[in-house]
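Derivation of every value follows stated rules applied to the coordinates shown; laboratory data play no part. As the structure is a computational prediction, the values presented were derived from the model and not from experiment. A quick note on method: Cβ atoms are made from the backbone with ideal geometry, for glycine too, and the neighbour counts reach across all protein chains shown.
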Amino acid sequence: MTDQDTIAQRLEALRAEHQSLNAEIDALAGRGDALEIQGLKRQKLRLKDEIARLESEHAHAG
């Protein structure tokens, strides 16, 4: 497995986790704890940053 394959797999996992957090936030929006939602949004933002970093790395390596 190449570095490119590893990065691509990591990107796929991060995107899936990001989507899962979206669904969780949506589910909690009407009935959830504001602090819990805020924490999930922070997690989502960290994932987005990591995805952007890996996409940039992936583009420059390929």
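Using the beta-carbon distance between A8 and E50 and R0 = 22 Å, what value does 1/(1 + (r/R0)^6) give for FRET efficiency, to the nearest 0.05? For A8 and E50, the calculated efficiency is 0.95. Here A61 and E17 are evaluated by their C-beta separation; at R0 = 25 Å the FRET efficiency comes out at 0.65. With the charge dipole of the chain set up from +1 on Lys and Arg Cβ and -1 on Asp and Glu Cβ about the Cα centre, the Cα lying farthest toward the positive end among the listed residues L45, A59, S20 is that of L45. What is the angle, in °, between the Cα long axis of helix 34-61 and the longest principal axis of the Cα atoms in the chain? Nearest 10 is fine, range 0 to 90. Between the helix axis and the principal axis of the chain, the angle is about 10 degrees. Among residues other than G32 with Cβ under 13 Å from its Cβ, the summed charge is -2 (Lys and Arg +1, Asp and Glu -1). Helical runs (DSSP H, four residues minimum) scored at -39500 (n - 2.57) apiece and divided by the length of the chain put the mean residue ellipticity at 222 nm at -31000 deg cm²/dmol. Only one of the values (i) -0.21, -0.29; (ii) -0.37, -0.47; (iii) -0.38, -0.52 was calculated from this structure for log10 I(q)/I(0) by the Debye sum over Cα atoms at q = 0.12, 0.14 Å⁻¹; name its label. Label of the calculated value: (ii). Does anyone have the angle between helix 3-28 and the longest principal axis of the chain? Alpha-carbon axes, 0 to 90°, nearest 10? Helix 3-28 and the main axis of the chain meet at about 10 degrees.
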